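Asks: One structure, as structure tokens, below. Some questions next.
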Amino acid sequence: MEDLKSTLIELEEWLFQPNVRSSLTELTELISDDFTEINASGLRFGKSDVLKRLPTEVAPEITARDYELRLLGLDCAQLLYKAEVLRIEQVSPAYSQRCSIWRRSASGQWQMIYHQGTTCAPF
């Protein structure tokens, strides 16, 4: 279980990187075709929305901690964590509780199928 946790944390944090967020190739590999995101404002997005939006954004600086892993099935896991996000236009960071669900495909590749970030008080 620790190996899986390390793998999913690595993939999650890979998505924090500016060069990954701006790469359609990387995003297409890491995000499942049936992906859904619900952002802090409660808006719902699919993969096509993410592929249009992320490469055009200035990537924020994201620091994550307190990762928890929950197995949801043989090839499905939930990663919960806290994130501190600093955007270039902000003076101070925003804080959120986050949840990502990852699924292993038939080829063995882990892909994110769900993500949600909920704004919270600083931790």
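The values are calculated or read from the model by the stated rules, or taken from the named source; none is laboratory data. If you're wondering where the values come from, they're calculated on a predicted model, not measured in any experiment. Virtual Cβ from ideal backbone geometry, glycine too; neighbours counted across all protein chains shown. Remember, those area values only see protein heavy atoms, side chains included, never the ligands or the DNA or RNA. Shrake-Rupley method; radii C 1.70, N 1.55, O 1.52, S 1.80 Å.
Asks: Report the full-extension gain for the segment Arg104 to Ser41: residue separation times 0.36 nm, less the Cα-Cα distance, to one decimal in nm. Provide the component values of the computation, followed by the final result.
Replies: Numbers: separation 63, 0.36 × 63 = 22.68 nm, distance 2.86 nm.
The span from Arg104 to Ser41 would gain 19.8 nm if fully extended.
Asks: On to the next question. Could you rank Arg53, Arg70, Arg21 by how accessible they are, 1.4 Å probe, largest area first?
Replies: Details: Arg53 65, Arg70 125, Arg21 35 Å².
My answer, sorted largest first, is Arg70, Arg53, Arg21.
Asks: Taking the Cα centre of the chain as origin, work out the dipole magnitude from +1 charges on Lys and Arg Cβ and -1 charges on Asp and Glu Cβ, in debye rounded to 20.
Replies: 300 debye
Asks: On a 1.4 Å probe surface of the protein chains, which of Val20, Val91 comes out largest in accessible area, and what is the full order?
Replies: Values: Val20 0, Val91 150 Å².
Result of the area sort, largest leading: Val91, Val20.
Asks: Here's something else I'd like to know. Computed from the mean reciprocal separation of all distinct C-alpha pairs, what Kirkwood hydrodynamic radius does the chain have, in Å?
Replies: Values: mean 1/r = 0.0675 Å⁻¹.
When all Cα pairs of the chain are included, the Kirkwood radius is 14.8 Å.
Asks: Can you work out the Karplus-derived ³J(HN,Hα) for every residue in the stretch 16-28? Use 6.51 cos²θ - 1.76 cosθ + 1.60 with θ = phi - 60°, whole Hz, and x for glycine or proline.
Replies: Per-residue couplings from phi come out as 6, 6, x, 5, 7, 4, 9, 9, 4, 5, 5, 4, 4 Hz.
Asks: Same structure, new question: Sort Leu43, Leu79, Leu74 by heavy-atom solvent-accessible area, probe 1.4 angstrom, most to least.
Replies: Numbers: Leu43 95, Leu79 0, Leu74 160 Å².
Largest accessible area first, the list is Leu74, Leu43, Leu79.
Asks: Could you tally the net charge around Ser92, taking each other residue with its Cβ under 13 Å from the Cβ of Ser92, Lys/Arg +1 and Asp/Glu -1?
Replies: Working: positive: Arg87; negative: Glu61, Glu84, Glu89.
Here the count lands on -2.
Asks: Return the long-range amide H neighbours of Ile31 (sequence gap of 5 or more, or a different chain), with a cut-off of under 5 Å between placed amide H atoms.
Replies: Amide H neighbours of Ile31, under 5 Å, 5+ apart: Met112.
Asks: Under the rule of -39500 (n - 2.57) per DSSP H run of 4 or more residues, summed and divided by the residues of the chain, what mean residue ellipticity at 222 nm is obtained, to the nearest 500 deg cm²/dmol? Write out the running numbers ahead of the final one.
Replies: Details: 4 runs with 31 residues, N = 123.
Mean residue ellipticity at 222 nm (helix-derived): -6500 deg cm²/dmol.
Asks: Next question. Please report how far the C-alpha centroid of the stretch 4-33 lies from that of the stretch 89-123, rounded to the nearest whole angstrom.
Replies: So the separation of the two Cα centres works out to 11 Å.
Asks: On to the next question. Using only the alpha-carbon atoms of the stretch 1-61 as identical scatterers, what base-10 log of I(q)/I(0) does the Debye formula give at q = 0.13, 0.23, 0.28 Å⁻¹?
Replies: Cα-only, vacuum Debye calculation for the stretch 1-61: -0.37, -1.04, -1.26.
Asks: Just grab the label-to-label distance for Glu89 and Asp33, each label 7 Å out from Cα along the Cβ direction, in nm (one decimal).
Replies: 3.5 nm
Asks: I need the phi-derived Karplus couplings for the stretch 5-10: 6.51 cos²θ - 1.76 cosθ + 1.60, θ = phi - 60°, integer Hz, Gly and Pro marked x.
Replies: 4, 4, 4, 6, 5, 4
Asks: When all alpha-carbon pairs of the stretch 56-109 are counted, what percent fall beyond 13 Å?
Replies: Values: 947 of 1431 pairs.
Of all Cα-Cα pairs in the stretch 56-109, 66 percent lie more than 13 Å apart.
Asks: Taking 8 Å as the Cα distance limit and 6 or more residues as the minimum spacing, I'd like the relative contact order of the chain as a percentage.
Replies: Relative contact order of the chain: 24 percent.
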